[in-house]
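The values are calculated or read from the model by the stated rules, or taken from the named source; none is laboratory data. Computed from a predicted model, the values in this text were never measured in an experiment. Virtual Cβ from ideal backbone geometry, glycine too; neighbours counted across all protein chains shown.
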Amino acid sequence: MKPIDPIRVQKIIDSFLHKEVYIHLETTTGAYTSHHNQNSMTIVAFVRNAKITFSQGKIKGTGPYRVGLKTKEGWVYAEGLTDYTVDEQNRLLMAGHDRDGKLAIALQISETPFS
């Protein structure tokens, strides 16, 4: 992965417009956060292979970035994204890493299901 280039990532997001795609959206504070700090609450959200079609997709911010995908029924939204890559299957993989380099959020878009 490399640091997000918002102009490049916007072009990639636009390549998925009006297509049926699969998304993977995940956030986590870390499954073991409460073991290190008993006052800390573990928070996790996980969505994999949700099929959507979006008519508008935007990347905003100055870093970390936020991405919103407008569907007919509402929005898919991720904030805190720092890095991205396009893999050999032409999937857009975006992630947000904290100061220690640990994954905090992921938003991925693909024309085929994630395995």
* Scan the stretch 44-87 residue by residue and report those that are at pLDDT below 95 and in contact with a strand residue (DSSP E or B) (Cβ under 7 Å, 6 or more places away or on another chain). => VAL44, ALA45, PHE46
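Based on what the data block shows, is LYS19 closer than 25 Å to SER115 by Cα, of a type in the set (Lys, Arg), modelled with pLDDT under 95 and over 14 Å from the mean Cα position of the chain (by Cα)?
no
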* Pair list, Cβ < 8 Å and 6+ apart or interchain, from the stretch 64-93 residues that are touching a residue at least 24 places away in the same chain (Cβ under 8 Å) to residues that are surrounded by 13 or more Cβ atoms within 10 Å (Cβ to Cβ) and among the basic types (Lys, Arg) -> VAL67/LYS58; ALA78/ARG66; GLU79/ARG66; GLY80/ARG66; LEU81/ARG66
* Structure fact -> Residue pairs within 8 Å by beta carbon, gap of at least six or interchain, first lying in the stretch 14-27 and more than 18 Å from VAL86 (Cβ to Cβ) and touching a residue at least 60 places away in the same chain (Cβ under 8 Å), second assigned to a loop (DSSP other than H, G, I, E, B) and hydrophobic (A, V, I, L, M, F, W, C), listed first then second, are THR27/ILE43
* From the residues in the stretch 90-111 that are in a strand (DSSP E or B) and of a type in the set (Gly, Ala, Ser), which one is nearest to the chain's Cα centre (by Cα)? -> ALA106
